[in-house]
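Heads up: the structure comes next, in structure tokens.
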Amino acid sequence: MTGSPDAAPYAPLSVETLAQRLAEAGADIQLIDVREPSEVEIACLPGFVNLPLSEFATWSDSIHGRFEADRETIVLCHHGMRSAQMCGWLAQQGFTQLKNVTGGIDAYALMVDRTVPRY
């Protein structure tokens, strides 16, 4: 990655680009949703694995067994803050192709798919 040492260790991903990536058949991507299970029950997108930040202690040790550090990894939350935290942590674990969904599922529901509930 190029840029200043203070640059984020992940790239922003627009909700429109997320929709395109999700629609690509056979896309070799890993999808992580860091919202709470109660939030996922309200609104979710197919293919995302739920790893709530509040349950970090239960899943953090197994991250390398569940995901590949060199594959494109897209991280989602409600508005983009928690997913940015997760991207930072994943980068510390050696993940190299991280993307944080700008605006989170709320922006996706507003700008891409109005059938996804907003909360």
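The values are calculated or read from the model by the stated rules, or taken from the named source; none is laboratory data. It should be emphasised that the depicted structure is a prediction, and the values quoted were computed from it without experimental measurement. Please note: Cβ atoms are built from the backbone with ideal geometry, for glycine as well, and neighbour counts cover all protein chains shown.
Quick check on my filter: what residues within region 11-60 are farther than 16 Å from Pro117 by Cα, hydrophobic (A, V, I, L, M, F, W, C) and more than 14 Å from the chain's Cα centre (by Cα)? Ala23, Ala25, Ala27, Phe56, Ala57, Trp59, listed by residue number. In the set Gly80, Gly26, Gly103, only one residue is at positive phi and touching a strand residue (DSSP E or B) at 6+ places or on another chain (Cβ under 8 Å); that residue is Gly80. Scanning region 25-38 for residues that are at pLDDT 95 or above and either over 18 Å from Asn100 (Cα atoms) or of a type in the set (S, T, N, Q) (or both) yields Gln30, Pro37, Ser38.
Inside region 63-77, can you point out the residues that are of a type outside the set (Lys, Arg) and either at pLDDT below 95 or in contact with a strand residue (DSSP E or B) (Cβ under 8 Å, 6 or more places away or on another chain) (or both)? Result: Phe67, Glu68, Glu72, Thr73, Ile74, Val75, Leu76, Cys77.
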